[in-house]
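S.K.: Pasting a structure here, questions to come.
The values are calculated or read from the model by the stated rules, or taken from the named source; none is laboratory data. Since we're looking at a predicted model, the values are computed, not measured. Glycine also receives a Cβ, built like all others from the backbone with ideal geometry; neighbour counts cover every protein chain displayed. Keep in mind that these areas ignore ligands, DNA and RNA; they rest on the heavy atoms of the full protein, side chains included. Shrake-Rupley method; radii C 1.70, N 1.55, O 1.52, S 1.80 Å.
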Amino acid sequence: MAVKKIGQQTIQFQNPPKAISAYSIVGPKEGQGPLNIWFDEVLEDDMCQEKSFEKAEGRMLRNTIISAMKKCKKTPKDIDYMLGGDLLNQLMSTSYTARDLSIPFFGLYGACSTMTESISLASVLIDGGFADHVIAATSSHFSTAERQFRFPLEHGNQRPPTAQWTVTGSGALILSSEGSGPMVTHITTGKVVDYGISDVNNMGAAMAPAAADTIATHLSDTGRMPDFYDMILTGDLGEVGKKIVLDMLMGKGFSIEKVYNDCGLMIFDNSKQDTHSGGSGCGCSAAVFCGYIYKQLQSKKVKNILLVSTGALLSTISTQQGESIPGIAHAAVFSTA
Amino acid sequence: MNMKKNQLNKKYNKYVKDISPKPNYLANSIKAFVTGGLVCVFGFAIQKLIISRGIDKETAGTIVIILLVCLSQLLTGFGVYDKLAKYAGAGLIVPITGFANSVVAPAMEYKREGIVLGVGAKLFSLAGPVLVCGYSAAVVIGIIYTLIY
Amino acid sequence: MEYLYVFITGGIICVIGQLLMDATKLTPAHVLVLFVVSGAVLTGLGLYQPIVEFGNSGATIPLPGFGYSLAKGAMEAVQKEGLLGGIKGGVEATAAGVAAAVVFGYAVALIFSPKSKS
């Protein structure tokens, strides 16, 4: 009997894991954004003294995890599992980070939804009694994502207004069976939803239906109203995706406008920073959550948060083969009560 | 089921198209017109200068192309060309300078992957299709022309 | 006056490219390929020569001009050497530009590294 499962896709934890530590590092551009004072560290140079952007991303992630462990006085030996991923082929940054840290590791790929995917599975491990301390961490880097998914950095081209800007940043969260901190009380695992969008420069529109689906399912599974939450946050939908989510949920009878925001819109000032529709990437929701939101929860300025990281499950090959872009969104509830 | 899904997707795509911000066609076109025009005028001025030194028109044209290619690639190396092209759009993509940029940009990017399979192979990742299609078109035209001629 | 014709011809070709990129989902790479092939085909049909005579550099510097040189080279070589000329003429006529782009591009790529964007 799945006693902890409620409704269609939601798990309600009986021994909710506590988020005992969080750390975030972002790149220079993100450090100039509206949330700059909340990030734990802002890089001066996004090469991190490494020889390639991929190595730089790995180092950023490694430093984020090490600092998160330091903050709660843990060493790699205290950690049972590390869960996480990034946007690169074969999870290059995360796998190499796991090699250096030597912590048992599950590599996850959920595109930009990887942060809540990791948090979900970490919470399951802890609630199930399989682990005491689990790290959930993700990263993304503008320059590595750009060359894997789009064009070379020095290539002359123009971005359409619906395009998004990959966040250079990483976030690490340590979940624990004991200690104090905001608790993960529920998770809602998303389904892959595809409404036939194939424009790689409009990812927000491709992912929004998945986000709306997960949020609606979560609300009906838990029987909660949107205003139960101080904030409902999607990962990286940008201007276009935000509008679609609001419209779609309105159509399903949920008015979330008052509490809703998108991490991709919070991290940059689109009008000043020339980021078009907003930020994106695994690091977007990870850095915004571990930097800004976690501190709001700690100081009890907010009590209940629904974090819904959103991912576009495309690849360069699927795009070239003319496939549409499937979206996914996983939700996790953080509560201080 | 599939039919219904298709219709829903079509409806959604139309809705997304309606709410998505559009590029500013007029402003982009004016920028492209002026920059593209200026690049050509610049090339023309150099060509005239070379011709005035007593070099025939065809050779002068080739020299101009080589100069523009090198200039564009140097600007790409210094990290300037993409910033200019972001503003000028097709004004700097469509002239031969844009082709030169698309040769060097991916090559630079793959330096860490080695000088053979990195730089050497990626040099053609964007320019390759242009050469392949251009050469094919030329050879097909050549063959057809032989048959007619 | 000549300069004005160059300016207008070059400008118009670029605007066509801009509209293609803005209105369709074509990437710069697609536009470049399309322009080279169109330039070659138009030249083959005898339609591009008048544009070159009017716009001079304005028609030869944009990418359709590359297609023009390819097709013109092929056609001229046919007159001298027949079928063999048709096969090698286009490549021969454009060899200097392509070689410059490849060799100089290789050198630049070995010297410079891409920079982070903000």
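S.K.: May I ask for the distance between the Cα centers of region A:1-30 and region C:1-42, given as a whole number of Å?
M.R.: If you average the Cα positions of each part, the centres end up 52 Å apart.
S.K.: Using a basic spin-label model with each label point 7 Å from the Cα along Cα→Cβ, how many nm lie between B:Asp18 and C:Met1?
M.R.: 5.3
S.K.: Which of the GluC sites (Glu not before Pro) found in region A:26-71 are in a DSSP loop and have at most 13 neighbouring Cβ atoms, other than their own, within 10 Å?
M.R.: Sites meeting the loop and neighbour criteria: A:Glu44.
S.K.: May I ask for the angle, rounded to the nearest 10°, between helix B:57-77 and the longest principal axis of chain B, with both axes built from Cα atoms and the value confined to 0 to 90°?
M.R.: 50
S.K.: A further question follows. When N counts the residues of region C:14-82, how does its alpha-carbon radius of gyration compare numerically with 2.2 N^0.38 Å, as a ratio?
M.R.: Ratio of Cα Rg to 2.2 N^0.38 Å: 1.19.
S.K.: Moving to a separate point now. Normalised by the residues of chain C, what does the relative contact order come to in percent, with Cα pairs under 8 Å and at least six apart?
M.R.: 22
S.K.: Mind putting a number on the dipole of chain C about its Cα centre? Charges go on the C-beta only, +1 for Lys and Arg and -1 for Asp and Glu, and I need it in Debye to the nearest 20.
M.R.: Here the size comes out at about 400 debye.
S.K.: Still on this structure: With a 1.4 Å probe and every protein chain left in place, work out the accessible area per residue of chain C in Å², rounded to a whole number.
M.R.: That works out to 43 Å² for each residue.
S.K.: Provide the FRET efficiency to the nearest 0.05 for the A:Asp269-A:Val3 pair, computing r from the beta carbons and using R0 = 51 Å.
M.R.: Step by step, r from the Cβ atoms, then E = 0.65.
S.K.: Here's a follow-up. Kindly list the residues of region C:1-21 that lie in the label zone of B:Lys57, defined by a backbone N under 18 Å from the point 7 Å along the Cα-to-C-beta vector.
M.R.: C:1-10
S.K.: Next question, about the same structure. Run the simple label-point estimate for B:Arg112 and B:Lys11 please: 7 Å along Cα→C-beta, distance reported in nm.
M.R.: The two pseudo-label positions are separated by 4.7 nm.
S.K.: Here's something else I'd like to know. Could you please state how large a percent of the accessible area of region A:183-335 is carbon and sulfur, counting protein chains only and using a 1.4 Å probe?
M.R.: Carbon-and-sulfur percentage of accessible area, whole number: 50.
S.K.: Give me the distance between the Cα centres of region A:167-191 and region C:62-116, rounded to whole Å.
M.R.: Centre-to-centre distance over Cα atoms comes out at 56 Å.
S.K.: Taking the Cα centre of region A:25-119 as origin and charging only Cβ (+1 Lys, Arg; -1 Asp, Glu), how large is the dipole, in debye to the nearest 20?
M.R.: It works out to roughly 360 debye.
S.K.: Separate question: Could you state how much accessible area is buried at the A-B interface, both sides summed, with a 1.4 Å probe, in Å² to the nearest 100?
M.R.: Chains A and B together bury approximately 2500 Å².
S.K.: A follow-up question, please. Could you tell me which trypsin sites (Lys or Arg not before Pro) in region B:1-60 are loop residues by DSSP with no more than 15 other beta carbons within 10 angstrom of their beta carbon?
M.R.: When the trypsin sites (Lys or Arg not before Pro) of region B:1-60 are filtered for loop state and at most 15 Cβ neighbours within 10 Å, B:Arg53 remain.
S.K.: Tell me which of A:Ser180, A:Leu108, A:Pro152 sits at the most positive position along the dipole axis of chain A, charges placed on C-beta atoms (Lys, Arg +1; Asp, Glu -1).
M.R.: About the Cα centre, the residue reaching furthest to the positive side is A:Ser180.
S.K.: Still on this structure, I have one more. Please give the average number of partner chain Cβ atoms lying within 10 Å of the Cβ of each residue in B:9-17, rounded to a whole number.
M.R.: Neighbouring Cβ atoms belonging to other protein chains average 5 per residue here.
S.K.: Where the only charges are on Cβ atoms (+1 Lys, Arg; -1 Asp, Glu), what is the dipole of the protein assembly as shown about its Cα centre, to the nearest 20 debye?
M.R.: Magnitude of the dipole: close to 540 debye.
S.K.: Going Cα to Cα from B:Lys86, which aspartates and glutamates come in below 19 Å? Please leave out same-chain ones fewer than 8 positions away.
M.R.: Counting by Cα, and skipping residues close in sequence, B:Lys86 has these aspartates and glutamates nearby: A:Glu146, A:Glu154, A:Asp274, B:Glu109, C:Asp22.
S.K.: Quick one: if you stick a label point 7 Å off each Cα along the C-beta vector at C:Thr24 and A:Gln32, how many nm between them?
M.R.: Result for the modelled spin labels: 3.6 nm.
S.K.: Please give the average number of partner chain Cβ atoms lying within 10 Å of the Cβ of each residue in A:197-205, rounded to a whole number.
M.R.: The shielding value for this peptide is 3.
S.K.: Taking loop as defined by DSSP and a crowding limit of 13 other beta carbons within 10 Å, which trypsin sites (Lys or Arg not before Pro) in region A:22-128 fit?
M.R.: Sparse-neighbourhood loop trypsin sites (Lys or Arg not before Pro): A:Lys51, A:Lys73.
S.K.: Between the alpha-carbon centers of region B:6-43 and region B:78-125, tell me the distance in whole angstrom.
M.R.: Cα centres, region B:6-43 to region B:78-125: 22 Å.
S.K.: What residue among B:Val41, B:Ile30, B:Thr146 has its Cα farthest toward the positive end of the dipole of chain B, where the charges are +1 on Lys, Arg and -1 on Asp, Glu, each on the Cβ?
M.R.: Result: B:Ile30, furthest along the dipole toward the positive end.
S.K.: Pairs of Cα atoms under 8 Å, at least six residues apart: use those to get the relative contact order of region A:1-49, whole percent.
M.R.: Relative contact order for region A:1-49 comes out at 27 percent.
S.K.: Less than 26 Å apart at the alpha-carbon level, and either on another chain or at least 8 residues along: which lysines does that give for C:Lys88?
M.R.: In chain and number order, the partners are B:Lys57, B:Lys122, C:Lys72, C:Lys80.
S.K.: Nearest 100 Å² is fine: how much accessible area is buried between C and B, summed over both sides, with a 1.4 Å probe?
M.R.: 5800
S.K.: So what are the three principal axis dimensions of the protein assembly as shown from its Cα atoms, in whole Å, longest to shortest?
M.R.: So the three principal-axis extents are 87, 51, 40 Å.
S.K.: I've got another one for you. If r is the Cβ-Cβ distance from A:Gln298 to A:Ser102 and R0 is 41 Å, what FRET efficiency results, to the nearest 0.05?
M.R.: Efficiency, from the Cβ-Cβ distance: 0.90.
S.K.: OK, next. Name the residue from C:Val102, C:Pro62, C:Met75 whose Cα lies farthest towards the positive end of the charge dipole of chain C, charges +1 on Cβ of Lys and Arg and -1 on Cβ of Asp and Glu.
M.R.: Highest projection toward the positive end goes to C:Val102.
S.K.: A further question follows. Total Lys pairs in region A:190-315 closer than 22 Å by alpha-carbon, pairs eight or more apart in sequence or interchain only?
M.R.: Summing the qualifying lysine pairs gives 14.
S.K.: Which FRET efficiency, nearest 0.05, do A:Ser52 and B:Phe78 yield, Cβ-Cβ r, R0 35 Å?
M.R.: So, using R0 = 35 Å, E works out to roughly 0.95.
S.K.: Let me ask you something else. Using the Kyte-Doolittle scale, find the helices of chain C whose mean hydropathy is at least 1.0 and whose Cα atoms extend 15 Å or more along the helix's long axis, counting only whole DSSP H runs.
M.R.: Helices meeting the criterion: C:2-23, C:28-44, C:83-111.
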